[in-house]
Amino acid sequence: MNFSYASTIRQRFPSLTTQSILVHGIDAKTSTVEHSAALWRLAAKRLESGDERGFAEIAAWRQAFAQMGLKPTQYRCAAEALLRRFRKEGLLPQIHPLIDLCNAVSIAHAIPIAVFDIDRIEGRQLCVRPANGSEIYHAFDGSIEQPHVGEIIYVDEAGQAHSRRWCNRQSAVSAVRNSTSTALIVAEALHPQAPQDLLRLLAVLKTSLTDVWPQTDIAEVKVA
């Protein structure tokens, strides 16, 4: 799997930093509750000093969304949306062990994490680029949408959009499900300390993955 960004994305967002791994050998039977709970406590501790809007990681994404012409109060990056829900409800819903773990890592670090079922991505190339108007996006409610021209999306070789508004909403097509065994995990950040923070996030994620799924194979994916 090749993962890349269009040159226009790099030019518009020069501070963009990414870490990506390919994980093989996961299942839906193993619990990640204990690992998630520990990460929730870290998020809760940080939220004691103020809500997520004041976090440097979230502020950088809000600025990026504004740059894309989106209202930050209407469209939020995935990490902000999760933190907002966690702050209000004190927990996050259980969806799938891998998703639950990645969501917990995401709120503990205030950094959005995307998780894709690799077998649902067409071809060997996944690219983050502006939409050209021909791509198709499958929503979780079963509807089919067409991203706006210029909207930043994850897209595969078949023209399937695997996200809307960059890291705002993922496609149902590549969402992790009970049958998923191999997943691509991507963490992205824009704030000044992103390189260091993403390395810490990756270390936590790898440790948690190998604790939960000792049989799993983890490979770092080069990001172009």
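Things to note:
- Residues satisfying the stated conditions in the range 132-157, i.e. more than 14 Å from I121 (Cβ to Cβ), of a type in the set (A, V, I, L, M, F, W, C) and in contact with a Gly (Cβ under 8 Å, 6 or more places away or on another chain): V149
- Scanning the range 93-113 for residues that are of a type outside the set (G, A, S) and touching an Asp or Glu at 6+ places or on another chain (Cβ under 7 Å) gives Q94, H109, I111, P112.
- Filtered residue count, the range 131-177, keeping only those that are of a type in the set (S, T, N, Q) and either touching a residue at least 40 places away in the same chain (Cβ under 8 Å) or at positive phi (or both): 4
Residue by residue, here is whether (1) touching a Pro at 6+ places or on another chain (Cβ under 9 Å); (2) not hydrophobic (A, V, I, L, M, F, W, C) holds:
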{"site": "T8", "(1), (2)": "yes, yes"}
{"site": "P14", "(1), (2)": "no, yes"}
{"site": "G50", "(1), (2)": "no, yes"}
{"site": "W61", "(1), (2)": "yes, no"}
{"site": "Q67", "(1), (2)": "no, yes"}
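- Residues within the range 48-67 that are closer than 17 Å to H191 by Cβ and either in a loop (DSSP other than H, G, I, E, B) or without any contact (Cβ under 8 Å) to a residue 60 or more places away in the chain (or both), tallied: 11
- Residue within the range 151-158 that is in contact with a Ser or Thr (Cβ under 7 Å, 6 or more places away or on another chain) and either assigned to a loop (DSSP other than H, G, I, E, B) or under 22 Å from A66 (Cα atoms) (or both) present: yes
- Condition check for A43: part of a helix (DSSP H, G or I), out of contact with any strand residue (DSSP E or B) (no Cβ under 9 Å at 6 or more places or on another chain) and crowded, with 21+ Cβ neighbours inside 10 Å: yes
- Residue in the range 108-161 that is nearest to V176 (Cα to Cα), counting only those that are among the hydroxyl-bearing types (S, T, Y) and exposed (fewer than 14 other Cβ atoms within 10 Å of the Cβ): S143
- Those residues of the range 188-204 which are under 23 Å from N168 (Cβ atoms), in contact with a His (Cβ under 9 Å, 6 or more places away or on another chain) and of a type outside the set (D, E, K, R), in sequence order: A189, L198, L201
- Selection from the range 15-39 of residues that are surrounded by fewer than 19 Cβ atoms within 10 Å (Cβ to Cβ) and part of a helix (DSSP H, G or I): V33, E34, A37, A38
- In the range 76-96, the residues that are over 19 Å from A189 (Cβ atoms) and in a helix (DSSP H, G or I): R85, R87, K88, E89
- Residue within the range 115-127 that is of a type in the set (F, W, Y) and more than 26 Å from D211 (Cβ to Cβ) present: no
- Qualifying residue in the range 35-44 (condition: of a type outside the set (K, R) and over 19 Å from I113 (Cβ atoms)): no
Read the figures in this text as sums done on the coordinates, not as results from a lab. Because the structure is a prediction, the values reported are computed rather than measured. Counting neighbours? That spans all protein chains shown, and the Cβs are built from the backbone with ideal geometry, glycine included.
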